[in-house]
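Some notes on the structure that comes next.
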Amino acid sequence: MTFKGVYRLKYSRGRLSHYKILHDEKKLRHYLVETVLFSKKSLIYFLENYKAVVIKPSFGPGEINISFENNKYKIKTRKKIITVINKEAVYEYINCYEIHQKYYVIQPQKIFASQSSQIPYRSIVTVHRKPLSAKWRIVSVAYDENFSVFSQFYHRYYVEKIRSLSIMAAKKLGKSFPKYNTVVIEILFDYKKGLWISDTILHSRISKWDQYQTLRGSRAILSSLPKTNLLTHVTFRDYLNRFNEIIVKPCVGQNGLGVAQITKKSPFIYEIHSGIRNITKTNLDETYSYIEEIFLFKKDYIVQQKVQLAMIDKCPMDVRVITRKVESTWIVTDKIVKVAGANFIITNAAQKLLTLENAIQDSTISSKHSEKLESKIDKTCLLAANQLEKSNEELKIIGFDIGITNKGEVWIIEGNYVPNLTMFKDQKEK
C-alpha cells in the first residue's frame, strides 16, 4: 500500500519534486525510496507500516531518524537521542524542536542485513555534464569503507548498476532543470535485497562542487586545481591519509565562513583549526564526528587538498585577482595580495594588503621575478574565467583566490562570482 499524501510543494529543486520527476520514469520507479511530504498524517502512517523512518528537510542536510524499539519510539538527530511513548508524542516533539524549514519529507528507512550490520551499504555518486550538453558522466563515487568485503561478483554487479542508475537519474533531472550541470545521488544497496535511490541533490553554478567540475574540464588548468571531493566519512579519511593536511569548506558560502583546516599530526593527534581556534582530537573518527556536528548539519561540504602557501612573516598569503568581461573578452583588471592575520589559516581576515611585487619581495617565494609570476597568474585566471563562462554565460566579473607556493607554483583556490571590491578601493585611497 502506498500512502496517498497530498503534494503541496510547487515544482522546485526540493527533494519531493525530485522524487516526483524520477518517479515518472518507469525504469527508475522500482529503485526509488518512497517519499512524501511530512505531516502528522504521513508520520503516523509511516510509523504504522515501517520499523524505522527518516525525515529530511526539502533542502540541505539534517536527518531525523525514528525507530520503534522496546515498545518506545527512539528519535535520533546529530546531537541527541530521545525516547517517547507514542506516535503523537513523536510528532509533537519533532514539530516543536526539530523543524526549522517550511517543508520536510518522510521516507521509510531501509534496514536489513548487510553482512553483520543492519544498515545498507551507501554510495555517493556525482554526475556532471558540460554546459548545454545532454551527455552526463560520473566524476566521483564514494563507497562505504566496508564495501570491499563484497565478493568479486557482487562488487562488479553493484558498481555497474550504481553507475547506470546514477546516469539515468541525472538525465531525467537534467531535462527538468537544464541550468544545473551537477547532480549528487545517494544510492543504498544490499547484496540480497537490491538497490535504492534514496536522495538526490542539484548543485547550482555557485556551488564550489559544480565550479570544481567545470574547471577540471579544462586540461590547461587541471594541474592548477587542488584535489577536491565531496566531504563524506570516506573522503575525509582518504584525503587525510593522502595529504595529512586538508581544508573543508561549505559548497555555498562566502567570506571564509565555515572553513576549517584539519591536520594529521600523528595517528593519535588530529588538529582542527577554524578561525583562531585550535581543537585536538585523538583519532580520525572522533575528528570527523566533530566536523559533522559543528559544520555538516548546516550545509553540504567539500574536502580539499591543502595548498602550502608562501608566507610573509610566518603568515600565509594569497592573491585576489579580479577578472572582468569587456565586450566578449576577459581581462585582468585588479590584483592584490592578502596576508592572513596572526593564527588565521585563511586570508579573509587579512592583516595587510600588498601589491604583488612588494609581497613577493617580502615573502618566502624563492624566485623574486615578479613579472614572470604575474604573467603566469594572469594566464591561469583568464583560462579559468573562460572555462567558467561556459557554465554561466551571464558572468561579467569573477574574483579568483590564487595560492602561490614557495616554489612559485600557482593554484586556483576558488572563484567568487560576487567578489568584495572594497579592499581595492581602500588600497587605492592609501
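Residues in segment 98-129 that are surrounded by 14 or more Cβ atoms within 10 Å (Cβ to Cβ) and among the small types (Gly, Ala, Ser) were compared, and the one that is modelled with the highest pLDDT is 123.
Selection within segment 365-396: residues that are over 21 Å from residue 330 (Cβ atoms) and surrounded by 15 or more Cβ atoms within 10 Å (Cβ to Cβ). The member of this set that is farthest from the chain's Cα centre (by Cα) is 370.
What tally of residues in segment 130-152 results from selecting those that are assigned to a strand (DSSP E or B), open to solvent by 20 Å² or more (accessible area, probe 1.4 Å) and modelled with pLDDT of 90 or more? Please lay out each step first, then the result.
Residues of segment 130-152 assigned to a strand (DSSP E or B): 136-143.
Now narrow it down to the ones that are open to solvent by 20 Å² or more (accessible area, probe 1.4 Å): 137-139, 141, 143.
When the remaining residues are screened for being modelled with pLDDT of 90 or more, the result is 137-139, 141.
Looking only at that region, the number is 4.
Checking 415, 403, 408, 399 one by one, the residue that is on the phi > 0 side of the Ramachandran plot and open to solvent by less than 20 Å² (accessible area, probe 1.4 Å) is 408 and no other. The single condition among (1) hydroxyl-bearing (Ser, Thr, Tyr); (2) crowded, with 21+ Cβ neighbours inside 10 Å; (3) modelled with pLDDT of 95 or more that residue 158 does not meet is (3). Could you tell me how many of the residues in segment 236-252 are open to solvent by 60 Å² or more (accessible area, probe 1.4 Å) and within 9 Å of the chain's Cα centre (by Cα)? Total meeting the criteria: 1. Residues that are in contact with a helix residue (DSSP H, G or I) (Cβ under 9 Å, 6 or more places away or on another chain), at pLDDT 90 or above, under 23 Å from residue 235 (Cβ atoms) and surrounded by fewer than 16 Cβ atoms within 10 Å (Cβ to Cβ) do not occur anywhere in segment 172-184. For segment 302-317, filtered to residues that are in a loop (DSSP other than H, G, I, E, B) and of a type outside the set (A, V, I, L, M), the residue that is farthest from residue 356 (Cα to Cα) is 306. Listed by position, the strands (runs of 3 or more DSSP E) contained in segment 15-97 that have at least 1 residues being polar (S, T, N, Q) and open to solvent by 50 Å² or more (accessible area, probe 1.4 Å) are 81-84. For residue 306, the stated conditions do not hold, so it cannot be described as in contact with a strand residue (DSSP E or B) (Cβ under 9 Å, 6 or more places away or on another chain), touching a residue at least 24 places away in the same chain (Cβ under 8 Å), open to solvent by 70 Å² or more (accessible area, probe 1.4 Å) and closer than 25 Å to residue 253 by Cβ. Under 7 Å between Cβ atoms, which residue pairs at least 6 apart in sequence (or on different chains) link something in segment 235-258 that is over 20 Å from residue 344 (Cα atoms) with a partner that is open to solvent by 60 Å² or more (accessible area, probe 1.4 Å)? So the pair list comes out as 251/299; 252/206; 252/299. For residues that are under 15 Å from the mean Cα position of the chain (by Cα) and not aliphatic (A, V, I, L, M), scanning just segment 289-303, find the one that is most open to solvent (accessible area, probe 1.4 Å). Here the answer is 298. Here are some conditions: (1) touching a strand residue (DSSP E or B) at 6+ places or on another chain (Cβ under 8 Å); (2) modelled with pLDDT under 95; (3) crowded, with 16+ Cβ neighbours inside 10 Å. Residue 233 meets all but one. Which one does it not meet? For residue 233, the exception is condition (1). Which condition number does residue 327 fail, the rest of (1) out of contact with any Asp or Glu (no Cβ under 8 Å at 6 or more places or on another chain); (2) acidic (Asp, Glu); (3) surrounded by 15 or more Cβ atoms within 10 Å (Cβ to Cβ) being met? Evaluating residue 327 over (1) out of contact with any Asp or Glu (no Cβ under 8 Å at 6 or more places or on another chain); (2) acidic (Asp, Glu); (3) surrounded by 15 or more Cβ atoms within 10 Å (Cβ to Cβ) leaves (3) as the failure. Being in a helix (DSSP H, G or I) and open to solvent by 20 Å² or more (accessible area, probe 1.4 Å), is that true of even one residue in segment 190-199? No, segment 190-199 contains no residue that is in a helix (DSSP H, G or I) and open to solvent by 20 Å² or more (accessible area, probe 1.4 Å).
The values are calculated or read from the model by the stated rules, or taken from the named source; none is laboratory data. The structure presented is a predicted model; accordingly, all values stated were derived computationally and were not measured. Cβ sites come from the backbone with ideal geometry, for glycine too, and all protein chains shown count toward neighbours. Side chains are part of the model used for accessible areas, which takes the heavy atoms of the whole protein and leaves out ligands, DNA and RNA. Shrake-Rupley method; radii C 1.70, N 1.55, O 1.52, S 1.80 Å.
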